[in-house]
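The values are calculated or read from the model by the stated rules, or taken from the named source; none is laboratory data. Since this is a predicted model, take the numbers as computed values, not measurements. Cβ sites come from the backbone with ideal geometry, for glycine too, and all protein chains shown count toward neighbours.
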């Protein structure tokens, strides 16, 4: 599994249809310039980029696989007293026109708008305490107008930067959005698996040891315990693991590769690039990964 890199692969990239900074065309142009030969745009809970990306990739001679990133509510009785956390799962090689999948994502998009309104209410309660002018319906409309796809907390964070309330997106999360959060749509692993597989695709656990959050690292920092959780609660529902990621170290990658081989799971990798900064194609993913997705 140390074969020389023949072409660059990046199967985890976000566009403006979720919380990325680039349009799909800009992503494909950058990918071409960086020598990426195998690519997937994996927007959060949105398929809006897929048909555009398929056409653009074909025009530029880049192999493309349809992708999406789903946020899943997950719990394990041995950790956090069974309280749920959020995990991300990547869907690949599915039919982007599948009715069950598209209907569910439309429902989740509507919920995101309701959630954003509640988050703004929570923010206003905090702002009132600090003597900061509260956000209005006009502010919410401006936030929504800035979104090409699904509305999420990063869009609210960017708006707080624009208003001068915070200096950077991360500060918005650290100072306000983590405390003012509202639960996400409760999509569970069983349903996520059924949706992606029902659309002809494969489901992959994303960045399982990402210390940044939304990973099994929230339950335990032990790699052995993490893969025990996968073995106990996910085998049979997932098809693979994202072993290479911009926030995975070598030990994590090797541990998950060995576990995937033991359980005959496919393996993937990607930068998780949101284009700020542009890290697309910077994760060294071996060329043989393309064989995990036969044409």
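Some notes on this structure:
- Any hit, region 220-236, residues being closer than 19 Å to residue 12 by Cα and crowded, with 20+ Cβ neighbours inside 10 Å: no
- Residue among 18, 46 that is in contact with a strand residue (DSSP E or B) (Cβ under 6 Å, 6 or more places away or on another chain), crowded, with 17+ Cβ neighbours inside 10 Å, on the phi < 0 side of the Ramachandran plot and in the same structural domain as residue 267 (by TED's automatic domain parsing): 18
- Selected residue (only one of 39, 90, 70, 101 is crowded, with 17+ Cβ neighbours inside 10 Å, assigned to a helix (DSSP H, G or I) and within 19 Å of the chain's Cα centre (by Cα)): 101
- The residues of region 181-216 that are at pLDDT 95 or above and part of a loop (DSSP other than H, G, I, E, B), listed by number, are 187, 199, 200, 201, 206, 207, 208, 209, 210, 215.
- Of the residues making up region 264-287, those that are more than 17 Å from residue 62 (Cβ to Cβ) and surrounded by fewer than 15 Cβ atoms within 10 Å (Cβ to Cβ) are 264, 276, 277, 284.
- Qualifying residue in region 109-127 (condition: in contact (Cβ under 8 Å) with a residue 60 or more places away in the chain, touching a strand residue (DSSP E or B) at 6+ places or on another chain (Cβ under 7 Å) and not in a loop (DSSP other than H, G, I, E, B)): no
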